[in-house]
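The values are calculated or read from the model by the stated rules, or taken from the named source; none is laboratory data. None of these values were measured; they are calculated from a predicted model. Counting neighbours? That spans all protein chains shown, and the Cβs are built from the backbone with ideal geometry, glycine included. SASA here: full protein model, heavy atoms, side chains in, ligands and nucleic acids out. Shrake-Rupley method; radii C 1.70, N 1.55, O 1.52, S 1.80 Å.
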Amino acid sequence: MLQPADTVKIFQRQPEQNFAPGEMIFEEGKEGQVMYGVIEGEVEMSLKGKVIETIRVGDVFGQGAIIHDDHLRASTAKAKTACKLAVLDREHFLFAVQQTPLFALQVMKSYSERFRQLKQTI
């Protein structure tokens, strides 16, 4: 079974993006038009300046901005290590969900697991 990031890589329209350690991927409150899959490296997610989780190889992040109508980022993503990320816009996300329904379940599971972890920290 493919990991969510592998599915993103298959359906992406744009080339993979590379980020150096410490480089900002996106910022909380800013508009976003794509989601990401981690092909290599680790990404730190923070909320109001506090690190809340680390996204690792195989997982996806940033999908909220392409699902919600306002397209706003709910958190900040920064490369913890050197990263290679697959990128997927809304159009290709919807196509991937249609063509591979298991991808939708994987994204939902990832989102749900992160939300459960966040609730445990409160």
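Using heavy-atom solvent-accessible surface (probe 1.4 Å) with all chains present, what is the largest-first order of T7, T54?
The ranking, largest first, comes out as T54, T7.
From the residues Q33, F95, C83, which one has its Cα farthest along the dipole of the stretch 14-100 in the positive direction, the dipole being from +1 and -1 charges on Cβ of Lys/Arg and Asp/Glu about the Cα centre?
C83
Can you order the peptides 15-22, 33-40 by their average number of other Cβ atoms within 10 Å per residue, highest first?
Going by the mean number of other Cβ atoms within 10 Å, highest first, we get 33-40, 15-22.
Roughly how large, in nm² to one decimal, is the mean projection of the convex hull of the alpha-carbon atoms in the stretch 81-122? Walk me through the numbers on the way to the answer.
Numbers: hull surface 17.1 nm².
For the Cα atoms of the stretch 81-122, the hull's average projected area reads 4.3 nm².
Within the set of other residues whose C-beta is less than 12 Å from the C-beta of I39, count the net charge using Lys and Arg as +1 and Asp and Glu as -1.
Net charge around I39: -2.
Ranked highest first by average number of other Cβ atoms within 10 Å, how do 43-53, 109-119, 83-93 line up?
Per-residue mean Cβ counts within 10 Å order the peptides as 83-93, 43-53, 109-119.
Would you list the P(r) distribution for the chain, with all Cα-Cα distances sorted into 5 Å bins from 0 and each bin expressed as a whole %?
Pairs per bin, as whole percents: 2, 12, 22, 26, 23, 11, 3, 0.
Given charges of +1 on the Cβ of Lys and Arg and -1 on the Cβ of Asp and Glu, with all other atoms neutral, how large is the dipole of the chain about its Cα centre, in debye to the nearest 20?
So the magnitude is around 320 debye.
For the stretch 77-122 and the stretch 1-48, what is the separation of their Cα centres, given in Å?
Each part reduced to its Cα centre gives a spacing of 9 Å.
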